[in-house]
Amino acid sequence: MASTRIREARESDCGDIMRMIRELAEFEKLSHQVKISEEALRADGFGENPFFHCLVAEIIPAPGESQGSLVVGYGLYYFIYSTWTGRNVYLEDIYVTPQYRGQGIGTKIIKKVAEVALNKGCSQFRLAVLDWNKKAVNLYKFLGAQDLTESEGWLSFRFEGEAMRELAGR
């Protein structure tokens, strides 16, 4: 029987990660927002000073099976800093390909990110989810996450493109 392993991504995984980023964007109905390339992933995640870290979920075939291992999920995260609590980790993306959902792979990725966070002295593990993705919302709550929109009223904002250039005076 095949098994699942959660491991740190390698530069050679960038093709699979890029494929899954596109799948996630399609699932979230936001494909038009994907501007990143496989080359950018390589440069930004596997250089001397990486902007992000990534875990992959890999299916390891049982002894005697002819197929090789298969990357079926990922969790892309980075470290942030809170002026109130110090070190934090932010899980930007978590994704498992549809045919492998419901097997606990996403939970394993989340638990591994939590382990990394604790090992790095982080006090919080943050993430965001679209309000219509009830399965994910329910999973995060089941695992113990606090919904900050409900409990504290936080709203999320971003600057991009022309607004960011104007803000910077460019």
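Miscellaneous remarks
- Leading residue at positive end of dipole, the chain (Cβ point charges), from 17, 32, 72: 72
- Placing +1 on the Cβ of every Lys and Arg and -1 on the Cβ of every Asp and Glu, with nothing else charged, gives the chain a dipole about its Cα centre of roughly 400 debye.
- Here the sum of -39500 (n - 2.57) over DSSP H runs of 4 or more residues, divided by the residues of the chain, equals -9500 deg cm²/dmol at 222 nm, to the nearest 500.
- 25 °C / 0.890 mPa s Stokes-Einstein diffusion coefficient of the chain, Kirkwood radius on C-alpha pairs, µm²/s: 139
- Taking all Cα pairs closer than 8 Å and separated by 6 or more residues, the relative contact order of the chain comes to 18 percent.
- Across all directions, the shadow cast by the convex hull of region 25-115 built on its C-alpha atoms averages 8.6 square nanometres.
- Accessible area of residue 127 in the full protein assembly, 1.4 Å probe (Å², nearest 10): 60
- Gyration tensor verdict on region 69-170 (Cα atoms; rounded if a/c is under 1.5, prolate if a/b is larger than b/c, oblate otherwise): prolate
The values are calculated or read from the model by the stated rules, or taken from the named source; none is laboratory data. Keep in mind that this is a model prediction, so the values were computed, not measured. When we count neighbours, we look across all protein chains shown, and the Cβ atoms used for this are built from the backbone with ideal geometry, even at glycine. Heads up: the accessible areas ignore ligands, DNA and RNA and are worked out on the full protein's heavy atoms, side chains in. Shrake-Rupley method; radii C 1.70, N 1.55, O 1.52, S 1.80 Å.
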